[in-house]
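Chemist: The structure under discussion is supplied below as structure tokens; questions concerning it will follow.
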Amino acid sequence: MLAYLPRPPTDTSRYGTFPQKPDLPAAPGALGEDGGQRAAATTAKRSAPMPNYPSAPRHSSFVPSEPSLMPSRGSLTTQHHRGHPSWCPPPAPQEAGARLNPLHALSVANIPNSSHGKTSARSSTIPVPEGLQSRRCKLLEEDSPMVQASKRQRQRYVTKVGKCQVNLGNIQDKKRFLSDIFTTIVDLKYRWFLFVFMMCYIITWVVFGFIYFFDAWVRGDVGHQGDPEWRACIENVDGFVSALLLSVESQRTIGYGTRMVTANCAEGVILLIAQSIVGSMIDAMMVGCMFVKISRPKKRAQTLIFSKNCVISRRDEKLCLMFRVGDLRESHMVDAKIRAKLIKSRQTAEGEFIPLEQSELNLGYDTGEDRLFLVEPQIICHVINRHSPFWDMSAESLRREQFEIIIILEGIVEATGNHCLATGMTCQARTSYTEDEILWGYRFEPCMSLEKGAFQVDYSRFEMTFEVQTPAASAKELHELKELEQQEHSTLSLYWDHLLQPCALPGP
């Protein structure tokens, strides 16, 4: 039986992807009768350990919010939201689609309207430093839709459909393409492919037609049309048009019988043999190129699909970057393998700038998890450990990064996966994800169920995600925090064991 995954939460208003900010301390005059209660609640929030680790998931409707700036290791337990200050303009109303992407949603305090109004009234009476004011306004400006749109309009290295956006120019030694003329013709687009072979046929017909006409004119066959005593070399050729028709009929083996090459001249026989050989070579090359171009598995990649977004959430107590792949055909890929590349520019310690540097993302190469049995959609996972380039990346630093993840899926087409054609029928599908297409604190919905004795895949749920409880800290900070907690726990255990040891009685 299929182990069904838990359904996505429907009500998560109490817990969010990021911890909530406590109420700002109000001025003594603005505090009412509930001042003591608010102070006690604020103290309880500050003393509570890591709000991002609830004991059990609770269902609620969650409003995504922006991550705050990452504090140091000692202050991870006091990380909170920043509400909208009164001196900054309110954010633009969000669309319904913004709920699915926390990177595009502005921070909105998840509190009732009445308390929100009170908070705004209190915050208007608090003097705020000028530096903090400009900093908060700048954070809100970075979340504006226009800034996000301009960020999304940057040039991609690989498009979502797998086309590489790299143009090769200023190639000096172009004769290398002629040395591999077969591959050059196969790589042409269909309009140029057909144009090349049409011109090959037309040029050969015209050239041999001109040679036939010139031979008939030199031997006098054109001026002796209708003379029964004249021994013509090429019969019934009285002009260039008739000679062109003779060329077409000879090369295409039509043979109407009105125009022909006779045995009265040797050059006519040689021309006919040469044209037959040239025509056969053109036919063989066109048929071979057309067969290879049509049967290339390049179009097979269009039925291999990838999820529109990547997600980052915890799996087995590890922060992981995940995406989903699927195959729409019933004839599956043989020996499918997947790998990922990170495209990011950087500057070395010596000051050298490396544009678009490629680094490998481990998708389970050491454990064999990169080899897929792609009969149903698979969620590919990259564990963010100390060897990952995302080791020190948090939810807030993700917004300031600029990189691109290239996903490459390779395999052999099952219909031609034999020993003879396996080397020539390898299929490759590509896609890419930029930093604004990564959802922090989300997980993919299950799209597989058991119906009528078979497993049913619902591809309408292929792109769907739902929010889960995920810390906003980086994997490095979470690892350091876990080590600190283990160290404190071991120290407390030693102290407790020391207190429980019975005191040794002195000897007589």
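Chemist: Quick check: from the Cα gyration tensor, does the stretch 187-295 come out rounded (a/c under 1.5), prolate or oblate?
Modeler: Prolate shape, in that a/c is at least 1.5 and a/b is the bigger ratio.
Chemist: At 1.4 Å probe size, with no ligands or nucleic acids counted, give the accessible surface of Tyr157 in Å², nearest ten.
Modeler: 60
Chemist: I need the calculated FRET efficiency for the pair His387 and Asn170, taking r as the beta carbon distance and R₀ as 45 Å, to the nearest 0.05.
Modeler: Numbers: r = 38 Å, r/R0 = 0.85.
That pair, His387 with Asn170, gives E of 0.70.
Chemist: Multiplying the sequence separation of Glu410 and Trp496 by 0.36 nm and subtracting their Cα-Cα distance, what value in nm do you get?
Modeler: 25.3 nm
Chemist: Pick out, in residue order, every one of the GluC sites (Glu not before Pro) in the stretch 222-313 that is DSSP loop and has at most 14 other C-beta atoms within 10 Å; say none if there are none.
Modeler: Glu229
Chemist: Additional query: Per residue of the stretch 453-466, in order, report the coupling 6.51 cos²θ - 1.76 cosθ + 1.60 (Karplus, θ = phi - 60°) as ³J(HN,Hα) in whole Hz, putting x for Gly and Pro.
Modeler: My calculation for the stretch 453-466 gives x, 9, 7, 10, 9, 9, 6, 5, 9, 5, 8, 6, 9, 9 Hz in order.
Chemist: A further question on this structure: What are the semi-axes of the equivalent ellipsoid for the stretch 245-370, taken as the square roots of 5 times the Cα gyration tensor eigenvalues, largest first, in whole Å?
Modeler: Taking √(5λ) for each eigenvalue gives 62, 22, 12 Å, largest first.
Chemist: So if we plug the beta-carbon distance of Arg154 and Thr184 into 1/(1 + (r/R0)^6) with R0 = 35 Å, what FRET efficiency do we get, rounded to 0.05?
Modeler: Numbers: r = 33 Å, r/R0 = 0.94.
Using R0 = 35 Å, I get an efficiency of 0.60.
Chemist: A further question follows. Multiplying the sequence separation of Phe353 and Trp230 by 0.36 nm and subtracting their Cα-Cα distance, what value in nm do you get?
Modeler: Extending this stretch completely gives an extra 35.9 nm.
Chemist: Next up: Treat each spin label as a single point 7 Å out from the Cα along the C-beta direction, and report the Lys308 to Ala284 distance in nm.
Modeler: Using points 7 Å along Cα→Cβ, the separation is 5.2 nm.
Chemist: Give, in nm to one decimal, the length gained when the segment between Ala263 and Ser276 is fully stretched (0.36 nm per residue of separation minus the Cα-Cα distance).
Modeler: Net length gain for the segment: 3.0 nm.
Chemist: Quick one: how many Å² of Leu492 are accessible to a 1.4 Å probe, rounded to 10?
Modeler: Its accessible surface works out to 110 Å², give or take rounding.
Chemist: May I pose another question? Please give, to one decimal in nm, the separation of the simple spin-label points placed at Leu328 and Glu488, each 7 Å out from Cα toward the Cβ.
Modeler: In this crude spin-label approximation the distance works out to 5.3 nm.
The values are calculated or read from the model by the stated rules, or taken from the named source; none is laboratory data. Values in this document were obtained by computation on a predicted structure and should not be read as measured data. Glycine gets a Cβ as well: all are built from the backbone with ideal geometry, and neighbour counts include every protein chain shown. Side chains included, ligands, DNA and RNA excluded: accessible areas come from the protein's heavy atoms. Shrake-Rupley method; radii C 1.70, N 1.55, O 1.52, S 1.80 Å.
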